[in-house]
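**Q** Before we start, here is the structure in question, set down as structure tokens.
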Protein chains: 2
Amino acid sequence: MAATAWSKSRSTIHEFDLVRALQQRHGRKSPSVIRGIGDDAAVVTSGAGRWSLLTTDLLAEGVHFDLRTATMSDIGFRAAAANLSDIAAMGGTPQYVLVALAIPRTGTSGQVQQLYRGLMAACRPHHVQLIGGDTSASHGGWFISLTLVGTVPARKALFRNGARVGDLLYVTGTIGDSFAGLRLLREPPRRAALSPRHRKFLIGRHLRPTARLAEGQWLRTHRFATSAIDISDGLSGDLRHICEESHVGADLDLNALPLSPACRAYAASRTLDPVALALTGGEDYELLFTLSPRHKAQVERTATLRRFSMTCIGTIRPARNGIQAIGQDGTKRPLPITSYEHFR
Amino acid sequence: MAATAWSKSRSTIHEFDLVRALQQRHGRKSPSVIRGIGDDAAVVTSGAGRWSLLTTDLLAEGVHFDLRTATMSDIGFRAAAANLSDIAAMGGTPQYVLVALAIPRTGTSGQVQQLYRGLMAACRPHHVQLIGGDTSASHGGWFISLTLVGTVPARKALFRNGARVGDLLYVTGTIGDSFAGLRLLREPPRRAALSPRHRKFLIGRHLRPTARLAEGQWLRTHRFATSAIDISDGLSGDLRHICEESHVGADLDLNALPLSPACRAYAASRTLDPVALALTGGEDYELLFTLSPRHKAQVERTATLRRFSMTCIGTIRPARNGIQAIGQDGTKRPLPITSYEHFR
């Protein structure tokens, strides 16, 4: 759903903005459309006290994936995980998937089988049913477009626009891993620069991300979260989405960002700032959410019981505060508008 | 939804068959899935006495459309019409559309605007809301993937598999026009070979097809039709789908096929058999349906009142009959398995 910086190539940036404008213009709402364009998934009424969630993603060879660094199975898995993550960010339960696939002349049966295998490996644990699709020849590489349908009790979906001043800002899991994994895949081979265990972890986080469905549903069921989004553009960009949609600002504590040992080791070995990886690296598919401070103790206690990993990384402030980053020395400065361009 | 012969290039034929096999394998059904892969749209329960219809189509530049013969607006219109037609064939009401778009480097803002304009021109008369999408760069031309969501009262959808021996076979509108229009677009310019009026009609039928939504809903509301499909592969192929799914045969009266004056004139001017155009030409997006002979008089009377154009073109026979074509001389012979390959 989210048109990510990840998916943009510089030359078409203005077309992406145009598409957003066109979609806003053409996307007029009827009463059955609870949310159209602009959240992680579209939300429509579906009778019997339920809402339906719909999200679509298009992945293009050479833009979103590279067959030199990912297997077709990885690509299928990641495509499904990205869509599942959109449903997770709404607190929903995924149900059905439709797969549109354009196959280049060089595509083999084995590749197609692998793609479906990866796709279903991501979907099966969540009981997502493959119900439809379309197949085409392609004169320009592989294109995979997934549409995922989910459900959520009416009036219970998590949106981007519910953050309130004073709310605490949380993120699940660790961030920056996927970007580190992508960088590793694209680096020329180096020897002994990173332990095989860390390398495997980071590449796994990039190629086989986990959609935080259980966490999203838990946050929704207990009405803990006031807003949520999945981290597809990068923490910096996605926090900005929450702030813009909720008309608030935020203080982000850079010292609190949950960084994995592998991400720290990778950054150290390449003399990179791990915080920069975490802020600008996309496709972690962790959940960024806000909750009232009065739920803090209860949320953290039950999260521990359920083995959910989540970290408080900041506070929602009035809009006039803007988005401030609290650095190691405790000083605040405006969070730079950063994201990263894709590798092509 | 339907993977049409239209969309295949010879080299990937076996991958298409493989995808179908994989989808069948992975597409296991839960009780909420009324129809998965294999009809015009997927059908799932949606509460409150309704079923949801979901269909997706992927159109690739150079496979499904050619920018030398169609404007971006035509392409958007036709993409929407093809999906609307899948909903029409189920007797449903279309509601929502999601648009995934891959834009080549050469793509301009004007082209994107035109695409959306055409798409919404097809959707707006049916009150279809644009609720989501995704946008990507493309290194291989334009790719457009639409997902359309519709609704139908529970247990009222029209399927391919309900035809019964003795039922009459009907088709809406005229057939073969779209294929004639495509051929015209691809021909080198000829002078005075066809009247401008006929030329305009046929090209219009190809580039701006009409999804027969009102007809499909009428057939469903009155429970007239025992089965229905939209003509995307060509009459010959789509009749075969109905017969296979319903485990029946058919007699198809070639003398009764509804051919437009323009299609006849085109065929005459190119010394082609107009019946062959009608049998093998795809993308007419007319409805092919069956009904009990006891409804014949009522259906034909109310169709006239509603200005629905429909023609009886055959009879459903036992499976052992196979699919027989009744020729001009009244003799029966097996309908050849014909379809046409796309232009690339």
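**Q** So, restricting to strands (runs of 3 or more DSSP E) that lie completely within the stretch A:238-344, which ones have at least 1 residues that are buried (at least 19 other Cβ atoms within 10 Å of the Cβ) and outside the structural domain of residue A:57 (by TED's automatic domain parsing)?
**A** Counting at least 1 such residues, we get A:248-253, A:287-291, A:310-318, A:323-326.
**Q** Still on this structure, please answer the following. Which of (1) within 13 Å of chain B (Cβ to nearest Cβ); (2) among the acidic types (Asp, Glu); (3) closer than 28 Å to residue A:281 by Cβ does residue A:177 not meet, given it meets every other one?
**A** With (1) within 13 Å of chain B (Cβ to nearest Cβ); (2) among the acidic types (Asp, Glu); (3) closer than 28 Å to residue A:281 by Cβ applied to residue A:177, the lone miss is (1).
**Q** Considering only strands (runs of 3 or more DSSP E) fully contained in the stretch B:31-92, which possess at least 1 residues that are over 25 Å from residue B:171 (Cα atoms), at the interface with another protein chain (Cβ under 10 Å from one of its Cβ atoms) and without any contact (Cβ under 8 Å) to a residue 24 or more places away in the chain?
**A** B:33-35, B:42-45
**Q** It is to be established whether one or more residues within the stretch A:242-261 are in contact (Cβ under 8 Å) with a residue 24 or more places away in the chain and under 28 Å from residue A:72 (Cα atoms).
**A** Checking the stretch A:242-261: at least one residue is in contact (Cβ under 8 Å) with a residue 24 or more places away in the chain and under 28 Å from residue A:72 (Cα atoms).
**Q** Continuing with the same structure: Please go through the stretch B:102-143 and pick out each residue that is more than 7 Å from chain A (Cβ to nearest Cβ), surrounded by fewer than 23 Cβ atoms within 10 Å (Cβ to Cβ) and within 13 Å of residue B:67 (Cβ to Cβ).
**A** Within the stretch B:102-143, B:104, B:106, B:108, B:110, B:111, B:114 qualify.
**Q** Exactly one of (1) crowded, with 19+ Cβ neighbours inside 10 Å; (2) within 11 Å of chain A (Cβ to nearest Cβ); (3) touching a residue at least 12 places away in the same chain (Cβ under 8 Å); (4) part of a helix (DSSP H, G or I) is unmet by residue B:22. Its number?
**A** The number of the failed condition is (3).
**Q** Hey, any hits in the stretch B:161-172 for a residue that's among the hydroxyl-bearing types (Ser, Thr, Tyr), more than 10 Å from chain A (Cβ to nearest Cβ), more than 20 Å from residue A:33 (Cα to Cα) and within 18 Å of the chain's Cα centre (by Cα)?
**A** yes
**Q** So for the stretch B:212-222 (the condition being closer than 19 Å to residue B:85 by Cα, touching a Gly at 6+ places or on another chain (Cβ under 9 Å) and outside any helix (DSSP H, G or I)), does at least one residue qualify?
**A** Looking for residues that are closer than 19 Å to residue B:85 by Cα, touching a Gly at 6+ places or on another chain (Cβ under 9 Å) and outside any helix (DSSP H, G or I), one finds at least one in the stretch B:212-222, hence yes.
The values are calculated or read from the model by the stated rules, or taken from the named source; none is laboratory data. The structure displayed is predicted, hence computed values, not measured ones. All Cβ positions, glycine included, derive from the backbone under ideal geometry; neighbour counts span all protein chains shown.
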